[in-house]
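The values are calculated or read from the model by the stated rules, or taken from the named source; none is laboratory data. Small disclaimer: the values here were computed from a predicted structure and weren't measured. Here Cβ is always computed from backbone atoms with ideal geometry, including for glycine, and neighbour counts include all displayed protein chains.
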Amino acid sequence: MISLQTKDLSKEFPGVIALDKVNLSVEKGEIHAIVGENGAGKSTLVKIISGVYHQTKGEYFIEGEKKQFHSPKDASEFIGVVHQERELVPHFTGYQNLFLGLELTKGGFLLKKEMKRKTKKFIQKYNLDVDLDLPASDLSSGQQEMLTILKVLFRDPKIIIFDEPTAPLSIKESEILFRLIRDLKKKGLTIIYISHHLSEILDLSDSITVLRNGQKVDTIKNDDVTERQLINLMISKDMQNQYPKVKTEINEVIFEVKDYTPKKIGFKNINFNIRSGEIVGFAGLVGSGRTELAKSIFSGNKLDSGSIELYKKNFKSRNSKKSIDSGLVMIPEDRRGEGLLVNMTVKENIIMPHLSSLTKGGFTSENKIKDYVKNIIEKFSIKVFSPLQEVRTLSGGNQQKVSVGKWLGENANIWIFDEPTQGIDVDAKTEIYSIMGNIAKEGAGVWFISSDLKELVAISDRIYVMHEFEIVSEFKPPFYKEAILSKMMGEI
Ligand code: ADP
Ligand code: MG
């Protein structure tokens with residue numbers, strides 16, 4: 001049986017179409033997830049079917065019957081919503097919150113005993129641990145969430161909707177919530193679940209609806225979809241073309257930095273890792289220490305304490321040359337200053353790091369070099385009329401490709417790209433993203449420093465945020481720019 005159905009449901013706010021002809025169908029007794037980027041229309045959809053907003057157009061049905069709710073109270077025996085924002089009265093006890101608007105009275109008096117008796121039975125049914133005699137403000141955030149849910153369940157709805165429920169919860173509290181949700185499903189309730197966390201969604205849901213720009217992209221069975229596919233559905237085709245994401249297999253940790261404390265530089269909490277096949281973004285404001293960290297590790301600064309491991313082996317480097325020999329390369333931010341010798345030719349720049357391997361017994365095989373250079377130029381589609389062209393005469397994008405290409409023959413394991421797309425045109429940027437993707441695809445790890453949050457979230461598999469020389473947080477997809485930005489600004 002279909003529990004909830006919407007037909008061409010639309011909502012316009014002045015200047016925004018928040019919801020655009022959405023046709024949704026939710027089976028009775030299933031856990032149906034709704035995903036989409038910020039602003040995709042998820043909360044608007046929920047608010048319409050629960051009577052907070054009126055739709056501009058379209059209609060909705062519950063168990064086949066057309067409904068039109070005029071307030072959340074009006075909807076509450078059909079649809080209960082656990083909103084992003086809590087709706088408890090802080091100084092009211094659990095009981096008072098639970099009965100808010102449903103108080104049992106006789107001749108103007110509250111029937112307290114009767115209310116408690118009713119509640120007890122109800123709580124036992126759900127096997128939840130909340131002290132209802134305490135004011136809501138005295139409860140932990142997990143217990144407040146439980147109380148909010150109890151309040152919704154107490155109205156005995158057919159459908160319960162969770163809008164970003166785990167945001168304020170600890171991992172343990174989230175697990176309790178998931179257990180409860182599965183239990184509700186067993187009891188026959190229909191559950192609509194909205195979350196940023198795709199791993200949660202894939203864990204919990206039976207089917208998944210993807211919204212994008214107010215429109216429904218698709219509804220998919222959970223078994224048929226991966227996290228990466230979901231992300232691709234969530235972001236627009238334009239974005240996908242501009243920020244191509246090469247499909248890679250992300251495997252074991254190959255680079256692990258623990259409590260990195262070099263002499264003389266005041267880093268804090270530098271703990272991070274990079275996996276094989278992974279592009280790891282580093283976000284932060286200019287001056288937050290991202291470049292300094294990369295340079296410090298690359299140039300082999302002496303440590304006061306902490307450790308660096310590459311393939312589980314202690315990574316000991318004394319200088320950048322040693323780092324390159326051990327499999328760590330860096331394409332620096334200032335490619336004209338550090339990355340390239342712009343007055344030399346493309347060929348000279350490309351072979352520079354490989355002279356020893358291309359030279360045998362002191363003699364250089366000219367043919368071997370020619371082939372090598374030709375191969376790199378083709379592989380990176382570097383636009384030159386001749387390998388003998390001076391680098392300074394190339395466009396910024398092509399210069400950048402030379403500075404990446406020169407490291408290719410090194411079979412590096414970790415590639416540091418520091419602001420690789422700064423100052424180059426859109427097409428060249430797209431090519432650089434593909435190059436990074438292909439490097440990851442071959443099993444290396446990419447350490448990607450960028451101040452362009454848009455490209456960072458589009459290309460990275462994971463993002464660390466630095467603030468004042470400290471790694472302050474780690475994000476997994478789907479990424480929310482606002483959340484990352486607030487960490488970049490140092491908000492806790
Ligand atoms: P989501 O929950 O998926 O993040 P929302 O449903 O909150 O998305 O928002 C969808 C779009 O509608 C956004 O562009 C948002 O700015 C807009 N919107 C949401 N609520 C309002 C409102 N009350 N007034 C004006 N615009 C709104
Ligand atoms: Mg929302």
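Among the helices (runs of 4 or more DSSP H) confined to segment 165-284, the ones with at least 1 residues that are within 16 Å of ligand 2 (Cβ to nearest atom), in contact (Cβ under 8 Å) with a residue 24 or more places away in the chain and crowded, with 17+ Cβ neighbours inside 10 Å are located at 198-204, 227-234. Check segment 411-418 and report whether any residue there is in contact (Cβ under 8 Å) with a residue 12 or more places away in the chain, closer than 20 Å to GLY339 by Cα and over 28 Å from the mean Cα position of the chain (by Cα). Yes; the residues of segment 411-418 include at least one that is in contact (Cβ under 8 Å) with a residue 12 or more places away in the chain, closer than 20 Å to GLY339 by Cα and over 28 Å from the mean Cα position of the chain (by Cα). For segment 36-60, the set of residues classified as surrounded by fewer than 18 Cβ atoms within 10 Å (Cβ to Cβ), away from ligand 2 (no atom under 16 Å from the Cβ) and not in a strand (DSSP E or B) consists of HIS54, THR56, listed by residue number.
Checked against the criterion of being within 18 Å of PRO165 (Cα to Cα), buried (at least 19 other Cβ atoms within 10 Å of the Cβ), within 8 Å of ligand 1 (Cβ to nearest atom) and among the basic types (Lys, Arg), segment 7-17 contains not a single residue that satisfies it.
Within segment 384-408, if we keep just the residues that are basic (Lys, Arg) and surrounded by 19 or more Cβ atoms within 10 Å (Cβ to Cβ), the residue that is farthest from SER434 (Cα to Cα) turns out to be LYS406. Scanning segment 92-108 for residues that are in a strand (DSSP E or B) and either more than 25 Å from ASP74 (Cα to Cα) or of a type in the set (Ser, Thr, Tyr) (or both) turns up THR93, THR105. Residues that are polar (S, T, N, Q) and either at positive phi or not assigned by TED's automatic domain parsing to the domain that holds GLU482 (or both): does segment 282-299 have at least one? Within segment 282-299 (the criterion being polar (S, T, N, Q) and either at positive phi or not assigned by TED's automatic domain parsing to the domain that holds GLU482 (or both)), the answer is no, since none of the residues qualifies. Answer yes if at least one residue in segment 95-109 is modelled with pLDDT under 90 and basic (Lys, Arg), and no otherwise. Yes, some residue in segment 95-109 is modelled with pLDDT under 90 and basic (Lys, Arg).
Here the condition is being within 30 Å of GLN240 (Cα to Cα) and without any contact (Cβ under 8 Å) to a residue 40 or more places away in the chain; of THR421, THR393, it holds for THR421 alone.
Would you confirm whether any residue within segment 340-355 is touching a residue at least 24 places away in the same chain (Cβ under 8 Å), outside any helix (DSSP H, G or I) and among the charged types (D, E, K, R)? No, that holds for no residue. Screening ASP206 with (1) touching a His at 6+ places or on another chain (Cβ under 8 Å); (2) within 16 Å of ligand 1 (Cβ to nearest atom); (3) not aromatic (Phe, Trp, Tyr) gives one miss only, at (2). Just wondering, is there one or more residues in segment 28-35 that are among the acidic types (Asp, Glu), more than 16 Å from ligand 2 (Cβ to nearest atom) and either at pLDDT below 95 or touching a Gly at 6+ places or on another chain (Cβ under 6 Å) (or both)? The answer is no, given that none of the residues of segment 28-35 is among the acidic types (Asp, Glu), more than 16 Å from ligand 2 (Cβ to nearest atom) and either at pLDDT below 95 or touching a Gly at 6+ places or on another chain (Cβ under 6 Å) (or both). A single member of VAL52, VAL35, VAL26 is more than 8 Å from ligand 1 (Cβ to nearest atom) and without any contact (Cβ under 8 Å) to a residue 60 or more places away in the chain, and it is VAL52. Somewhere in segment 480-487, is a residue touching a residue at least 12 places away in the same chain (Cβ under 8 Å) and small (Gly, Ala, Ser)? No. Which of the residues belonging to segment 292-331 are within 28 Å of the chain's Cα centre (by Cα) and aromatic (Phe, Trp, Tyr)? Within segment 292-331, PHE298, TYR311 qualify. Enumerate the pairs (first residue in segment 424-442 and more than 10 Å from THR248 (Cβ to Cβ); second residue anywhere and assigned to a helix (DSSP H, G or I)) with beta-carbon separation below 6 Å, excluding pairs fewer than 6 apart on the same chain, so at least 6 apart or on different chains. Every condition considered, the pairs that remain are ILE424/GLY396; ILE424/GLY397; ILE424/GLN400; ASP425/GLY397; ALA428/GLY397; TYR433/ILE459; ILE435/VAL404.
Among the criteria (1) within 23 Å of LEU169 (Cβ to Cβ); (2) in contact with a Pro (Cβ under 9 Å, 6 or more places away or on another chain); (3) modelled with pLDDT of 95 or more, the one PHE78 does not fulfil is (1).
For segment 112-164, the candidate set comprises residues that are assigned to a helix (DSSP H, G or I), under 26 Å from SER43 (Cβ atoms) and at pLDDT below 85; within that set, the residue that is nearest to ligand 1 (Cβ to nearest atom) is SER141. As a summary of the residue check, ASP74 satisfies the conditions (1) free of Cβ contacts under 8 Å to residues at least 24 places away in the same chain; (2) surrounded by 16 or more Cβ atoms within 10 Å (Cβ to Cβ); (3) assigned to a helix (DSSP H, G or I) except for the one numbered (2).
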